[in-house]
Amino acid sequence: MNHQNGRKKLNLNAAHRRALIRNQTIMFITEGSLVSTKARVKEVRRFAEKLVTLAREGNNFNARRRAKALLPYKEEALVKLFTDIAPRYINRPGGYTRIIPLARRISDTAEVAKLEWVV
């Protein structure tokens, strides 16, 4: 059974977790890759793939408004999402990102991973 196995809490309260995932998604969209712990990268991946699926609909007002509600901080990230990233994946039915495992962090032995776009 897979009941109640939704999102990871990341040891944060809801508002802090939402802000963290939004900010890391913005960095991922603008920079093209993200290096963080494996748990955070998995959550950012879920959020980013939903945004790309939304942006694939086209650059119309409703899709833009819905994406702006999810990423309200940076307009530049939305512009890049709708003009550069989403058009690359028009014919792809999902799986826009990949996770590459890296070494463990020395300080706390956390698993570190890199998130990047599939070309």
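Numerical summary
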item: The stretch 35-67, residues that are among the basic types (Lys, Arg) and within 14 Å of the chain's Cα centre (by Cα); result: Lys38, Arg40, Lys42, Arg45, Arg46, Lys50
item: Within the stretch 82-119, tally of residues that are without any contact (Cβ under 8 Å) to a residue 24 or more places away in the chain, of a type in the set (S, T, N, Q) and either outside any loop (DSSP other than H, G, I, E, B) or open to solvent by less than 20 Å² (accessible area, probe 1.4 Å) (or both); result: 0
item: Conditions (1) open to solvent by 60 Å² or more (accessible area, probe 1.4 Å); (2) modelled with pLDDT of 95 or more: number failed by Asn2; result: (2)
item: When residues of the stretch 1-40 are limited to those that are of a type in the set (Ser, Thr, Tyr) and in contact (Cβ under 8 Å) with a residue 60 or more places away in the chain, the one farthest from Trp117 (Cα to Cα); result: Thr37
item: Number of the exception - Asn59 against (1) out of contact with any Lys or Arg (no Cβ under 9 Å at 6 or more places or on another chain); (2) more than 19 Å from Tyr73 (Cβ to Cβ); (3) assigned to a helix (DSSP H, G or I); result: (3)
item: Residue within the stretch 28-50 that is open to solvent by less than 50 Å² (accessible area, probe 1.4 Å), basic (Lys, Arg), out of contact with any Phe, Trp or Tyr (no Cβ under 6 Å at 6 or more places or on another chain) and in a helix (DSSP H, G or I) present; result: no
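The values are calculated or read from the model by the stated rules, or taken from the named source; none is laboratory data. All figures in this text were calculated on a predicted structure; none of them were measured in a lab. Virtual Cβ from ideal backbone geometry, glycine too; neighbours counted across all protein chains shown. The protein model used for the area step is the full one, side chains on, heavy atoms only, and it has no ligands, DNA or RNA in it. Shrake-Rupley method; radii C 1.70, N 1.55, O 1.52, S 1.80 Å.
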